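Comments concern the structure below.
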Amino acid sequence: MLKKWTTLAALVLATALLLTGCVQGGDAVDPNAEPTATLAPLTEPMYTDREALYQYYNAVTFDETLTSLTEKYGEPVKEEGESGDSYSWVMEDGYGFAAAFFDSGRLRAKVLYYKDLRQLGEISNATSIDQFAVLNKNYTYAMTCGALGGRAMELAQIAQDTSDNPEIKRLYVWATPKGDVVQVLFSGDEKLESVSYTLAEGE
């Protein structure tokens, strides 16, 4: 399961969204698009403690380097990929994060640790997830929160360059306990850039 997750981290770094339904640009999501394949039953436990889940992820800043994170959290698991190398730290309590770095050594991205996005369903508990079909590039983060309801769960932050004040893009997920998941990538000014979604069996 760890390998599956670190591959996910590498995909995020390329700002590729991870699920099969997708929209980019100004058009709304097509709710009549080809349905996704039926997902296997969730075998991982649902997360219920948001504070515990984010304790390490929230502590990572863009001033970090591989050396500083290793000093704090120990040796990471490294995975090489087409989008670059990623490093993951999973602590004894089962929570953690992944990170990737620019050639200069500065942090490029941090990614929340999880094994299956559906584990976030109880914390997020999106109440209007069927409204994903109205999302388009005119939506802001606040508008998206209003449309989907529940709680947005941040999955990743990605720096766009190595300057002292880079644009930071953020990837969020809204999920339901039954397994519906919508991921949205926002620019640094909180404008929607891309949407990706999958719906639970029966949708």
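Tell me yes or no: at least one residue of the stretch 162-176 is under 20 Å from residue 49 (Cβ atoms), open to solvent by less than 20 Å² (accessible area, probe 1.4 Å) and of a type outside the set (Val, Ile, Thr).
Within the stretch 162-176, one or more residues are under 20 Å from residue 49 (Cβ atoms), open to solvent by less than 20 Å² (accessible area, probe 1.4 Å) and of a type outside the set (Val, Ile, Thr).
Please verify whether the stretch 183-191 includes one or more residues that are in contact with a Gly (Cβ under 8 Å, 6 or more places away or on another chain) and either under 27 Å from residue 61 (Cβ atoms) or surrounded by fewer than 20 Cβ atoms within 10 Å (Cβ to Cβ) (or both).
Step one: list which residues in the stretch 183-191 are in contact with a Gly (Cβ under 8 Å, 6 or more places away or on another chain), which gives none.
Within the stretch 183-191, none of the residues are in contact with a Gly (Cβ under 8 Å, 6 or more places away or on another chain) and either under 27 Å from residue 61 (Cβ atoms) or surrounded by fewer than 20 Cβ atoms within 10 Å (Cβ to Cβ) (or both).
Residue 68 - would you say it is touching a Lys or Arg at 6+ places or on another chain (Cβ under 9 Å) and either farther than 21 Å from residue 183 by Cβ or outside any loop (DSSP other than H, G, I, E, B) (or both)?
no
Please specify each residue of the stretch 38-65 satisfying the condition of being open to solvent by 60 Å² or more (accessible area, probe 1.4 Å) and assigned to a helix (DSSP H, G or I).
Correct list: 50, 51, 58.
When the stretch 146-157 is examined, which residues are found to be closer than 24 Å to residue 59 by Cβ, outside any loop (DSSP other than H, G, I, E, B) and in contact with a Phe, Trp or Tyr (Cβ under 6 Å, 6 or more places away or on another chain)? Steps first, answer last, please.
Residues of the stretch 146-157 that are closer than 24 Å to residue 59 by Cβ, as a first pass: 151-157.
If we keep only those that are outside any loop (DSSP other than H, G, I, E, B) too, we end up with 153-157.
154 - this is the single residue of the stretch 146-157 that is closer than 24 Å to residue 59 by Cβ, outside any loop (DSSP other than H, G, I, E, B) and in contact with a Phe, Trp or Tyr (Cβ under 6 Å, 6 or more places away or on another chain).
List pairs: first in the stretch 71-83 and more than 19 Å from residue 102 (Cβ to Cβ), second among the β-branched types (Val, Ile, Thr), Cβ under 8 Å, 6+ apart or cross-chain?
From the stretch 71-83, the pairs are 77/6; 77/90.
Going through the stretch 89-145 one residue at a time, which ones are within 23 Å of residue 54 (Cα to Cα), out of contact with any Gly (no Cβ under 6 Å at 6 or more places or on another chain), in a helix (DSSP H, G or I) and open to solvent by 30 Å² or more (accessible area, probe 1.4 Å)?
Matches in the stretch 89-145: 122, 141, 142, 145.
Checking the conditions here, which among 84, 150 is at pLDDT below 90 and in contact with a strand residue (DSSP E or B) (Cβ under 9 Å, 6 or more places away or on another chain)?
Matching residue, one of 84, 150: 84.
Any chance you could count how many residues in the stretch 148-161 are more than 13 Å from residue 187 (Cβ to Cβ) and either open to solvent by 20 Å² or more (accessible area, probe 1.4 Å) or under 15 Å from the mean Cα position of the chain (by Cα) (or both)?
So the count comes out to 8.
Is the stretch 169-183 home to any residue that is among the hydroxyl-bearing types (Ser, Thr, Tyr) and free of Cβ contacts under 8 Å to residues at least 24 places away in the same chain?
no
The values are calculated or read from the model by the stated rules, or taken from the named source; none is laboratory data. Note that this is a predicted model, so its numbers are computed, not measured. Neighbour counts run over all protein chains shown; Cβ positions are idealised from the backbone, glycine included. Keep in mind that these areas ignore ligands, DNA and RNA; they rest on the heavy atoms of the full protein, side chains included. Shrake-Rupley method; radii C 1.70, N 1.55, O 1.52, S 1.80 Å.
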